[in-house]
1. What residue, of A:Ser459, A:Ser398, A:Ser406, A:Ser448, is modelled with pLDDT under 85 and farther than 28 Å from A:Ile345 by Cβ?
2. For segment B:209-230, which residues satisfy the criterion of being among the aromatic types (Phe, Trp, Tyr) and within 7 Å of another protein chain (Cβ to nearest Cβ)?
3. If you take the residues in segment B:35-48 that are within 10 Å of another protein chain (Cβ to nearest Cβ) and open to solvent by 30 Å² or more (accessible area, probe 1.4 Å), which one is farthest from A:Phe413 (Cα to Cα)?
4. Which of (1) surrounded by fewer than 15 Cβ atoms within 10 Å (Cβ to Cβ); (2) under 25 Å from A:Ala315 (Cα atoms); (3) without any contact (Cβ under 8 Å) to a residue 40 or more places away in the chain does A:Ile503 not meet, given it meets every other one?
5. Among the residues of segment A:522-550, count how many are under 23 Å from A:Met360 (Cα atoms) and within 14 Å of another protein chain (Cβ to nearest Cβ).
6. Let me confirm something: among B:Ile218, B:Ile206, B:Ile248, which residue is of a type in the set (A, V, I, L, M, F, W, C), modelled with pLDDT of 90 or more and closer than 16 Å to B:Pro129 by Cα?
7. If I go through segment A:433-465 residue by residue, how many of them are of a type in the set (Ser, Thr, Tyr) and open to solvent by less than 20 Å² (accessible area, probe 1.4 Å)?
Amino acid sequence: MTSWKLKAFAAAVIAVVGLLAVGRIAVYMVGKHEYKQPARAAAQAPDTTPREKGIADEHTAQENADKAKPYVEAEYRTFPVVGSRVAIWVVAQLHLLFAAFVLAVPIFALIIEFIGYKTGDKRYDHLAQEFTRLLSVSFSLTATFGAFLTFMLIALYPKFTNYLMSVFSPTFLPYVLLFFLEAGFLYTYYYGWGKFSPRIHLLLGLGLNVVGTCIMLIANAWLTFMTSPNGVSEKGALISTWDAVRNYTWMPINVHRFIANIAFGGSIAGAYAAFKYLSAKTDEERAHYDWMGYIGNFVAISGFLPLPFAGYWLAKEIYAYSQTLGLTMMGGAFSWLFIIQAVLIGNLFLGANYYLWLGMGRVEGVNPFQKYIKWLLLGVAACFMVWATPHSIIATVSEVRAMGGSTHPILTFLGVMSAKNTAVNILILTTYMSFLLYRRTGKVPTVSWARAGNTAQLSIFAAAAAFVIFLGVYGYFVEATVRIKLSVPQVSSVLFTMISVTIIDVFMYRKAQNTGVVHWGKIPVISQYVLIFIAVTFTWLMGLMGYVRSGLRQHWHVYGVMRDTSVDAFTPTLGFATKVVSVTVLIFFALIGFVFWLASLHDKRDWEAKGVSEGTVPLKTGTVPMGEEAKA
Amino acid sequence: MKLMVVLPLLAAILALRFMKANLFTWIATIWVAFFIAVRFGFSVPIPSSVVGIYVSVASIALFTYVTSDRGRLKAFVAPLVRLMTEKRYTMLLALVVLLVPTLVAGNVYRTMSAAVEGPFFSRTVHPAPPAEITVHDKKFDMITLQNPFRPLEKDNPEQFKVHLQNGRKVYYQNCVFCHGDSMAANGMFVHALNPIPTNFTDKGTIAMLQESFLFWRISKGGPGLPEEGGPWDTAMPAWEHFLTEDEIWDVVLFVYDFTGQRPRARDESEKPK
């Protein structure tokens, strides 16, 4: 070691020793001679000030009080940010929308499968299977939202939920058992496609539909009981569960919902087809999804045409149960919502007609029926306007004075049910005529009695329209009870027209000559947006009408029996309600988009690692036996 | 209808027929004619809220018509394309470019410079009654409440006439000043009221209702109107402070009898279980 290195080492050692020595001396001096405040010294001892003792006593007293606290049932609990009512509203609505879809798709999948079975046309069978593909995820989402809703009800509205349970507890077990059955049927139906004989498979589909409908009937009893309670005493004590089930609005809701579900399911399936059409790469795909969209829309319209009748029956029963409920619905706070409803339904009718007219463009050559469109449109638009005419008109003060009151001398005739009923019946006839023209596009009947058949059909249409309008006008000259009953012959004449004209048409066009080829997939793209528009409008409409049905009860959980005493015991404004419904619809379509995406994975190629060329073994366990893989 | 407005519109449409106008001209004329007819064609003007609904429906319908066939859409767009591309239409195009913003600006000016007036009024013709009311310390269930004197119409017509006469007396002593001699909301106080009273001769008012509804509205008046769905400003007093229960029922009988209307009745099948 050189001398400078030694010196440096020695200096470092001395420096370290010196530092340690200074540190030790400093510690000694501070410890020994530092001034200590008495308080600081006392801090070492336990704090026995009266305040600390007081806190400790309070704590003990609270503990004892907590232990001795009796159980008190909560009436309501709060949900953060949006509040309990909106939270329940959104979850219930989402559950209902998925449930409607899950109930509807099997109905028309079964019908389409049956058509395929009878005609031997495999396309129908594949189409039914494709529709069913949308079901499995939707079923899980329905069940999840159902469970979510139940938990939310128990958590946020415990007293009310307990009351419903006390009335309907006998229905819960069958409900759950039916759910198991539904799951069994659904998955066997879906995964068993092509694995059983067609008849067995059709029976599975039938079972699925029967079980699904029964589930709906039970759930409908719970919700209709809230509007028109039955089977309980004036104080709410249960007298008969069966009477509570078959309450006043139960059957009208059952019928209305069954039909509406079909229309809704058809429209969602149509939207799925539109989504696939718009993202299709080949003409073949476009042709397939155009056809699928057409079938979806056909199902939607088929359900949609009788829907106003069912809705009218429901409204009539609500009115019959209670004038207060009836007036709240049609003449009071909700009357303007029915104008929104009329606008939406009018748009649905227009959209459905529009899609059919666009569809005529698929057929080769000049279409002789195009010239009738303007007259059909005139009918649809006129009826749409009548339906959308409000009875309680929004007007400025000067307009009210000019009108001579809050009703207009002319518009008042269009604002009441006589006019609305007539308008909707004519709308249905017009839409049906559009469908009939579409059906005939590119075909010429070959039967000898074609001319007479056409005359007969036209006569039936004209007679029905004249009869419907006559009864509509006659309704202004009779009292209300008679007027309400006039809707029955109106509806009957429209139904008669649709049935009789269809029968004539089927026979007349049985061996029709095709004058132009139908080019599936050759339809303007706007038609696909119309399909999506129809689906969104249906969903929005269901949400808004759900708000009316539920909001009718106003500050009652169970109308006239159990009062809502929560902070939300008031009817939300239409503006607020439409916002909640719109957000719910957006959430629903985001979720249904997820369902569509999942369903479309079926057609996607399996994943392969990059660089693996065609013909080589994919890196997927189980796809190739180990020995084979080794050879490859 | 104002024939001076409607007839020229019909003449214009007829003229187009003979001129063999193109589709664009047809659609534009129909749209404008429809707007003018609805907005100015009625002797009693249609409120702008309803005009808005009607014109929107007409616009959607015309859009549907134009776009539902490729050939039709092409025919509709062709004049517009010509206007924008052909040199001979430069002046016309410039005029359109100036005219459209001018019309929009004019409409904005018209809207903003409107005379000061009360806000839009959304009076609901038939507010919903409560499930139960108390009149003269007596509770009435609105679901089952019926006019006790209505059955006399069949059972004892003479007695019924007595009630009608009493109703007439009550009406002309109390109600005539606002509701008018003919019950068409044209009483002498009408000009001071906002909104003006209900027109009972209108088919859309009392004929839609059960008598219990009128009993509720007469006895409770403006102060007894429900809060939901307001505003509910009405000058009608609560007549329960001035009339007996029987007098209210009598005047209900008279109002229906005088206007020749029948109350909404419950039939047997409508009664709640």
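1. After ruling out the rest, the residue left standing is A:Ser398.
2. Once the filter is applied, which keeps residues that are among the aromatic types (Phe, Trp, Tyr) and within 7 Å of another protein chain (Cβ to nearest Cβ), segment B:209-230 yields only B:Phe213.
3. Checked segment B:35-48; the qualifying residue farthest from A:Phe413 (Cα to Cα) is B:Ser48.
4. Of the numbered conditions (1) surrounded by fewer than 15 Cβ atoms within 10 Å (Cβ to Cβ); (2) under 25 Å from A:Ala315 (Cα atoms); (3) without any contact (Cβ under 8 Å) to a residue 40 or more places away in the chain, the odd one out for A:Ile503 is (2).
5. Within segment A:522-550, residues that are under 23 Å from A:Met360 (Cα atoms) and within 14 Å of another protein chain (Cβ to nearest Cβ) number 11.
6. B:Ile218
7. Residues that pass the stated criteria total 2.
Yes/no matrix, rows are residues, columns are (1) within 14 Å of chain B (Cβ to nearest Cβ); (2) farther than 24 Å from A:Val424 by Cα:
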{"residue": "A:Ala450", "(1), (2)": "no, yes"}
{"residue": "A:Phe470", "(1), (2)": "no, no"}
{"residue": "A:Val473", "(1), (2)": "yes, no"}
{"residue": "A:Ala480", "(1), (2)": "yes, no"}
{"residue": "A:Val488", "(1), (2)": "yes, no"}
{"residue": "A:Thr497", "(1), (2)": "no, no"}
{"residue": "A:Gln513", "(1), (2)": "no, yes"}
{"residue": "A:Trp520", "(1), (2)": "no, yes"}
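The values are calculated or read from the model by the stated rules, or taken from the named source; none is laboratory data. Remember, predicted model here, so these are calculated numbers, not experimental data. We place every Cβ from the backbone using ideal geometry, glycine too, and count neighbours over all the protein chains shown. When the accessible area is computed, the model is the full protein with side chains, heavy atoms only, and any ligands, DNA or RNA have been set aside. Shrake-Rupley method; radii C 1.70, N 1.55, O 1.52, S 1.80 Å.
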